[in-house]
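First comes the structure, then the notes that go with it.
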Amino acid sequence: MFADLHLHTRFSDGTFAPEELAEEAHRLGFGCVAITDHDTVEGCPAMSRACAERGMEFIPGVELTAELEGLEIHILGYGFDLQDEPFLQAMRRFQTVRQQRIRDMVARLNEMNIPLEADRVFALANCRSPGRPHVARALVEAGICRDLDEAFERFLKKHRPAWVPKSRIPAHEAIALLHRAGGVAVLAHPGLYYADPHLPELVRAGLDGLECFHTKHSPSLTEHYLSLAARHGLLVTGGSDCHGYNKGQPLVGSVRLAHEFVVQLQARIAQRTAERQQKLHSTLS
Ligand code: AMP
Ligand code: ZN
Ligand code: FE
Ligand code: FE
């Protein structure tokens, strides 16, 4: 039994529908999956049903963009209450900011006399949580770029002319937001940015886990983060970060997390859920 706890669907910048992803994971022999779309949990109900139909365990997840002393980091959330209204409100705020960023990037392109309409990007994205890959797709569709890579290289990569920085919330706020909704907080792909010196601070802020297994982590990097997780008493998670066909080949299947880590994650989710119930009760009485 193994798991993939980092998957994107078409509710953000992945290309698979939840049902397609569940089917693919099932075909590959996974026993447990979590979807972690950027700033949205809209795919969770459909994924939950699709997993149940196939006898797979499902964990609701999300990926938040956060900041720590100027460094962009990604925080994965798991096991929160999907009905938590303040949490859902926060997601809607993040989505509004994402949509405005698309308009800003399109405005930059228009200033360069590239005729692209924000509404075309939104239509292609067909979701509330659009991102740069959708702008890239629109540029390809309009015949302005040959492929997504060219769109990023010419326009969308950091410091390229149409790039607009992404808004980020302080890391401790992302962690608190997840805890208040009864979820756990995990630092995503720590090998993709140098956050090691900040780990103690994140742990003090309540960070629960470290995504040690990730498609882009070499075996030695994985070992490094496994030892850091042990040193800081953090849970271990892992996932492929599959985006479907948005980034070349779909990566689902490239990371197979041992189920013992899922058991520990579920225990922490139960603990965070109980803490949330206690807080709700103490504010009511
Ligand atoms: P955003 O969240 O809007 O800043 O967009 C980030 C997404 O764009 C991530 O999923 C990246 O992996 C993806 N991305 C970055 N560079 C490229 C590229 N050269 N080709 C395709 N996707 C990319
Ligand atoms: Zn993404
Ligand atoms: Fe990420
Ligand atoms: Fe991701």
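List of remarks:
- Condition check for residue 217: assigned by TED's automatic domain parsing to the domain that holds residue 29, within 15 Å of ligand 3 (Cβ to nearest atom), at pLDDT 95 or above and surrounded by fewer than 23 Cβ atoms within 10 Å (Cβ to Cβ): yes
- Comparison of 184, 203, 252, 262 shows that the only residue that is more than 14 Å from ligand 3 (Cβ to nearest atom), aliphatic (A, V, I, L, M) and modelled with pLDDT under 95 is 252.
- Comparison of 40, 65, 36 shows that the only residue that is over 18 Å from residue 211 (Cβ atoms), assigned by TED's automatic domain parsing to the domain that holds residue 270 and within 16 Å of ligand 1 (Cβ to nearest atom) is 40.
- Among the helices (runs of 4 or more DSSP H) confined to the range 124-181, the ones with at least 2 residues that are closer than 30 Å to residue 270 by Cβ are located at 171-180.
- Filter result (buried (at least 19 other Cβ atoms within 10 Å of the Cβ) and either more than 16 Å from residue 84 (Cβ to Cβ) or in contact with a Lys or Arg (Cβ under 8 Å, 6 or more places away or on another chain) (or both)) within the range 43-52: 43, 47, 50, 51
- In the set 221, 199, only one residue is in contact with a Leu (Cβ under 9 Å, 6 or more places away or on another chain), away from ligand 4 (no atom under 16 Å from the Cβ) and in a helix (DSSP H, G or I); that residue is 199.
- Subset of the range 235-264 that is among the hydrophobic types (A, V, I, L, M, F, W, C) and touching a residue at least 40 places away in the same chain (Cβ under 8 Å) - its residue that is surrounded by the fewest Cβ atoms within 10 Å (Cβ to Cβ): 258
- Just one residue in the set 14, 55 is in a loop (DSSP other than H, G, I, E, B) and surrounded by 23 or more Cβ atoms within 10 Å (Cβ to Cβ); that residue is 14.
- Residue check, residue 102 in the same structural domain as residue 242 (by TED's automatic domain parsing), under 21 Å from the mean Cα position of the chain (by Cα) and not in a loop (DSSP other than H, G, I, E, B): no
- Given (1) crowded, with 23+ Cβ neighbours inside 10 Å; (2) farther than 16 Å from residue 126 by Cα, index of the condition residue 9 fails: (2)
- Odd one out for residue 69, checked against (1) modelled with pLDDT under 95; (2) touching a Gly at 6+ places or on another chain (Cβ under 8 Å): (2)
The values are calculated or read from the model by the stated rules, or taken from the named source; none is laboratory data. This structure is a prediction, so every number in the text was calculated from the model and none was measured. Quick reminder, even Gly has a Cβ in these numbers, built from the backbone with ideal geometry, and neighbours come from all protein chains shown.
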